[in-house]
Amino acid sequence: MTNKLYKLFFTLIAVIAFFNCNNNTKKEDSTTLKESFKNDFLIGTALSNLQINQTDSQLASLLKKEFNAITPENDMKWEQIHPQKDTFYFDVADKYVELGEKYNMHIVGHTLVWHSQLAPWMQNVKDSITLANNIENHINTIVKRYKGRIETWDVVNEALNEDGSFRTSNFHEVMGDSFIAHAFKLAAAADPDAKLVYNDYNLWKPEKRAGVVKLVKNLQAQGIKIDGVGMQAHWSLEGPSIKDIENSIIAYSNLGVKVSFTELDVTVLPNPWDLDGAAVEQSYEQFEGDPKMNPYPVKLTDSGQTQLAKRYEDIFNLFLKHKDKIDRVTFWGVNDGQTWLNNWPINGRTNHPLLFDRNFEPKKAYNSVLALKK
Ligand code: XIL
């Protein structure tokens with residue numbers, strides 16, 4: 001009798017433990033970013049060279065738990081992947097794509113044609129046929145290599161000025177704005193199923209917005225495929241306004257393309273007074289080491305965390321309001337230790353712009369974003 005009772009008792013405990021454990025797993029899953037927003041949009045992150053090459057277990061577990069899309073922070077830029085006319089370097093890009101497949105992620109290619117981080121051999125090609133051929137070889141080789149595996153391409157990056165006119169670059173000087181159509185046509189032919197995106201910063205600005213609208217309409221009028229506009233989203237605590245961002249989401253969506261936020265981060269540090277945008281060539285050496293420009297070298301204050309949380313809450317509230325128009329929100333980095341904003345536009349600062357801190361711990365901002373789905 002006692003034996004039977006014991007057995008019954010232990011069975012009961014085992015059953016309770018089983019259900020408890022199941023419950024916990026469920027609870028944990030539904031509180032991750034990718035699970036919470038799975039019916040709204042993809043949640044992506046950018047991976048640095050170190051992160052692609054290293055099998056850091058802390059990083060790997062956070063990556064697969066929280067994110068379902070990735071972008072290579074630098075390793076597919078022209079200077080990295082095609083450093084000389086006849087030399088392609090695919091080692092890191094291959095690893096990056098394998099990583100995305102291992103975790104079943106949406107894999108983004110960044111970026112095919114960009115004036116910045118361009119290989120030196122391409123900087124001075126002055127003949128339009130040679131330049132067009134070089135772009136063709138570049139796009140065909142890379143896009144075909146990853147056909148069916150890289151699902152979205154940032155085809156052209158940052159072709160516009162702040163007033164919506166075309167940026168002066170070697171591409172534009174030599175080929176005029178036809179380099180954009182050329183690039184999109186080639187990408188579409190190389191992988192007809194890939195989603196093709198025009199990507200740029202400050203796309204909330206009304207003048208730049210008008211420039212993008214013109215650019216997209218121009219491609220569409222020529223029957224050239226473009227699937228999306230990527231708003232980089234390098235923002236700050238103060239701006240841009242939610243209204244400006246919203247107006248751009250609506251304007252781009254009205255063109256029949258999807259909007260993605262491709263490089264989201266929110267700087268909490270003071271910026272040099274005349275800095276606007278995210279042009280990577282800008283740098284302010286005179287401020288290096290100036291403590292006024294680096295107010296949180298150890299950790300962000302509680303009030304800073306609260307401000308950041310509120311800003312992210314407002315931003316994600318807007319994203320949710322327009323989730324039918326948005327297909328992806330990608331953070332420009334996994335955690336604060338990795339962010340490019342530790343070194344841009346001033347070298348050697350300690351920034352705190354993401355949802356995870358330097359120890360991979362979720363911040364208050366993480367909770368405020370998740371709370372929107374509870
Ligand atoms: C940045 C990287 O994060 C840095 O590591 C690199 O030194 C410079 O480029 N717009 C873009 C991204 O499209 O490719 C840039 O990435 C940030 C601005």
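How high is the relative contact order of the range 35-371? Use alpha-carbon pairs under 8 Å, at least six apart in sequence, and give a whole percent.
17
Using a 1.4 Å probe on the protein heavy atoms only, what accessible surface does residue 173 show? Give it in Å² to the nearest 10.
Near enough 120 Å² of accessible area.
Can you list residues from other chains, or at least 5 along the same chain, whose modelled amide H is less than 5 Å from the amide H of residue 166?
161
Where does the chain land at 222 nm, in deg cm²/dmol rounded to the nearest 500, when only DSSP H runs of n ≥ 4 count, each adding -39500 (n - 2.57), divided by all residues? Kindly include the intermediate steps, with their values, before the conclusion.
Values: 14 runs with 161 residues, N = 374.
One gets -13000 deg cm²/dmol as the mean residue ellipticity at 222 nm.
Taking 20 °C and 1.002 mPa s as the conditions, I'd like the Stokes-Einstein D for the range 157-262 in µm²/s, using the Kirkwood hydrodynamic radius from alpha carbon pairs.
Translational diffusion coefficient: 152 µm²/s.
What is the antiparallel percent of DSSP beta bridges lying wholly in the chain, to the nearest 5?
So the antiparallel bridges amount to about 10 percent of the total.
I need to check one value: relative contact order of the range 189-322, counting alpha carbon pairs closer than 8 Å and at least 6 residues apart, in percent. Walk me through the numbers on the way to the answer.
On the way: 136 pairs, mean separation 33.8, N = 134.
That works out to 25 percent.
Per the 1.4 Å probe, what fraction of the accessible area of the range 35-371, in percent, lies on carbon and sulfur atoms?
Using a 1.4 Å probe with all protein chains present, the range 35-371 comes out at 48 percent carbon and sulfur.
What does the charge dipole of the range 96-149 about its Cα centre add up to, to the nearest 20 debye, if the Cβ of each Lys and Arg holds +1 and the Cβ of each Asp and Glu holds -1?
140
Please report how far the C-alpha centroid of the range 131-152 lies from that of the range 220-257, rounded to the nearest whole angstrom.
Centre-to-centre (Cα) distance: 25 Å.
Provide the gained length on full extension for the span residue 237 to residue 193, in nm with one decimal, where the gain is 0.36 nm per separating residue minus the Cα-Cα distance.
Working it through step by step, the gained length comes to 12.1 nm.
Under a point-charge model restricted to the Cβ atoms of Lys and Arg (+1) and Asp and Glu (-1), what is the dipole moment magnitude of the chain relative to its Cα centre, in debye to the nearest 20?
For this selection, approximately 1620 debye.
Going by accessible area, probe 1.4 Å, with all protein chains left in place, what is the ranking of 34, 195, 144, largest first?
Output order, biggest surface exposure first: 144, 195, 34.
May I ask you to work out the translational diffusion coefficient for the chain at 4 °C, viscosity 1.567 mPa s, via Stokes-Einstein with Rh from the Kirkwood sum over Cα pairs, reported in whole µm²/s? Each step should come with its number before you reach the end.
Working: Rh = 22.0 Å.
The calculation lands on 59 µm²/s.
Mean separation of Cα pairs under 8 Å and 6+ residues apart, divided by the residue count of the range 174-253: what relative contact order is that in percent?
It comes to 38 percent, rounded to a whole number.
Provide the descending list of Cα extents for the range 332-374 along its principal axes, expressed in whole angstroms.
Projected onto the principal axes, the Cα atoms of the range 332-374 cover 39, 19, 13 Å.
I want to verify a result. In a Gaussian network model of the chain, Cα cutoff 10 Å, which of these has the top mean-square fluctuation: 92, 334, 113?
So, out of 92, 334, 113, the one fluctuating most is 92.
Report the Stokes-Einstein translational diffusion coefficient (µm² s⁻¹, integer) for the range 53-136, Rh taken as the Kirkwood radius over Cα pairs, at 4 °C with viscosity 1.567 mPa s.
90
From the alpha carbon gyration tensor of the range 241-371, can you work out the equivalent ellipsoid semi-axes (sqrt of 5 times each eigenvalue) and give them in Å, largest to smallest? Could you put the intermediate results ahead of the total?
Numbers: eigenvalues 148, 69, 30 Å².
Here the semi-axes work out to 27, 19, 12 Å.
The values are calculated or read from the model by the stated rules, or taken from the named source; none is laboratory data. Keep in mind it's a predicted model, so treat the numbers as computed, not measured. Heads up, the Cβs are rebuilt from the backbone with ideal geometry, glycines too, and the neighbour counts pull from every protein chain shown. Ligands, DNA and RNA are excluded from the accessible area calculation, which covers all protein heavy atoms including side chains. Shrake-Rupley method; radii C 1.70, N 1.55, O 1.52, S 1.80 Å.
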